[in-house]
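The values are calculated or read from the model by the stated rules, or taken from the named source; none is laboratory data. In this text, all values refer to a predicted model and were calculated from it rather than measured experimentally. Here the Cβ positions follow ideal geometry from the backbone for every residue, glycine too, while neighbour counts run over all protein chains shown. Just the protein is used for accessible areas: all its heavy atoms, side chains included, with ligands, DNA and RNA removed. Shrake-Rupley method; radii C 1.70, N 1.55, O 1.52, S 1.80 Å.
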Amino acid sequence: DAYYQLGRIYQAWGKYEDAITHYEQSRDFYQTLGMQKEVASKVWWSADCYRKWGRYKGAIKHYQQSRSLYETLGLEKTVIKVLSQTAGCYMDEGKYQKALEAQQESFEICQKLDDQPNIADAYYQLGRIYQAWGKYEEAIAHHEQSRELYQQLEKESNVANQWYNLADCYRGWGR
């Protein structure tokens, strides 16, 4: 729809307030049509825009709204991604415990679904949180778990990235 497309253009342009206005117009349009998946998507785009704008409170509020909608729709794999993005917001704010809680919740859904690629990604995200928090031993353990799982899944570029993340942890730790 045109509102959504304009929102994307304004967001790319760095005009976040205009982007959010257009995402909300798009959301309202789909709400009148009863298209809840599209409504959830537009709420998610508002969250993404708030995050890029550095307005984490707004981002988290909208991520939580989109999560609720996706849960109602039974879209658990999308909920996993929304929780990871919520964790990223908390991490950007320096609220590491909250970031850890959101990412752990995402990890638990991955395990319940036995979704190996997303489990590997969740280990990686947990490693990032611990690393940003300065808890290097935990970060290394999670990056190693992620690397091992990526290796089993034959995702070589992810394996290489995990080697880099491990090296970065050891460098940050001074070892």
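Side notes on the structure shown:
- For Gly74, the conditions (1) open to solvent by less than 60 Å² (accessible area, probe 1.4 Å); (2) outside any loop (DSSP other than H, G, I, E, B) all hold with the exception of (2).
- Subset of region 17-44 (residues that are aromatic (Phe, Trp, Tyr) and surrounded by fewer than 19 Cβ atoms within 10 Å (Cβ to Cβ)): Phe29
- Residues that are in a helix (DSSP H, G or I) and touching an Asp or Glu at 6+ places or on another chain (Cβ under 6 Å) do not occur anywhere in region 14-25.
- Some residue of region 56-64 being within 25 Å of Gln116 (Cα to Cα) and either without any contact (Cβ under 8 Å) to a residue 60 or more places away in the chain or assigned to a helix (DSSP H, G or I) (or both): yes
- Output for region 110-132, where each listed residue is under 25 Å from Trp45 (Cβ atoms), in a helix (DSSP H, G or I) and open to solvent by less than 30 Å² (accessible area, probe 1.4 Å): Cys110, Asn118, Ala122, Ile129
- Hits in region 138-162 - residues which are in contact with a Cys (Cβ under 9 Å, 6 or more places away or on another chain) and at pLDDT below 95: none
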